[in-house]
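One structure is given here, and the rest of the page talks about it.
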Amino acid sequence: MKTTQETTHKQGTDEWFENRKGKFTGSKIANLLGTKGLGKTGETYAFEQAIEKLYGRLEDSFLSYDMQRGIDLEPLAFAKFKELKESEFITVRECTFYNFGKNGGASPDGITSDNGVLEIKCPKANTFFRVLATNQIDKKYMAQMQLEMMSTGADKAYFFNYLVHEGKEYWHEIVVKRDETMIALIEERIKEAVVIRDNFMKTMSNNQQF
């Protein structure tokens, strides 16, 4: 499978959003992975990407407490992960968006020198400790990391679970291997979703009256 080069635009900028517009990306890729095909969830995602590609991204100004906590803690989590890996002689750098072809891609939280990607999660305490107790990762995050590996050519992903609780840092790392079976499924589902997205785009373009 062919990957494309990393883009140069910083995450969260207008240029970064423009490059991702209408594409199927990491945070929602699990929506395409229904057990019986795309289903309603996949179709809805394709419809949203049709709107975004034609008219621009759908604004969602709501920022929950949990979302804000993740934004605030991510730099601390990145710094801790980088510190830990330096002791293993592995370097870590921030990155932006990696395209996969014309219709997919992902933005890992980091790239490691041992051909890995970094995915940081800063959940609430109950969720953090649940992962710590079970060593299990939510399926949607597993799909996200496989797309990140697919897009970057990495052979592993570091899932870095991070928490600040009562003034103390906690962290938990799980290394996820590249899964070619899931990657093949993601690639196939993106192709299916592109057809649906483009059909929505065609219909909306034909029907618009402004």
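Since every read-out is calculated from the coordinates, none of them should be taken as a lab result. Here the structure is a predicted model, which means the values were calculated and not measured. Neighbour counts are summed over all protein chains in view; Cβ atoms, including those assigned to glycine, are modelled from backbone coordinates with ideal geometry.
Of note:
- Spin-label pair LYS124-LEU54: with each label point 7 Å from Cα along the Cα-Cβ axis, the two points sit 3.8 nm from one another.
- Per-pair calculated FRET efficiency, R0 = 41 Å: ASN199 and GLU88 via Cβ, rounded to 0.05: 0.25
- Ranked by how many other Cβ atoms sit within 10 Å of their own Cβ, fewest first, the residues LYS121, LYS80 fall in the order LYS80, LYS121.
- Greater than 19 Å apart at Cα, pairs in LYS23/LYS202; LYS36/LYS177; LYS23/LYS156; LYS82/LYS140: LYS36/LYS177; LYS23/LYS156; LYS82/LYS140
- Each of (i) 1.06; (ii) 0.97; (iii) 1.43 is a candidate for Cα Rg over 2.2 N^0.38 Å; the one calculated from this structure is (i).
- Which of ALA46, GLN68, THR152, positive extreme of dipole for segment 14-207 (C-beta unit charges): ALA46
- DSSP loop GluC sites (Glu not before Pro) with at most 15 other Cβ within 10 Å excluded, longest remaining stretch of the chain: 95-165
- Distances between every pair of Cα atoms in segment 85-165, grouped in 10 Å steps from 0 to the bin holding the largest one, split as 18, 45, 32, 6, 0 percent.
- Cα centroid separation, segment 157-187 to segment 92-145 (Å): 5
- Beta bridges per DSSP, both residues in the chain: antiparallel share near 70 percent.
- Fewest neighbouring Cβ atoms within 10 Å first, the residues PHE210, PHE129 line up as PHE210, PHE129.
- Placing dummy labels 7 Å off each Cα toward the beta-carbon, the span from ARG69 to ASP114 is 3.0 nm.
- Efficiency of FRET between THR134 and GLU18 - r from beta-carbon atoms, R0 45 angstrom, step 0.05: 0.70
- A Cβ-based charge dipole, computed about the Cα centre of segment 14-207 with Lys and Arg at +1 and Asp and Glu at -1, lands at about 580 debye.
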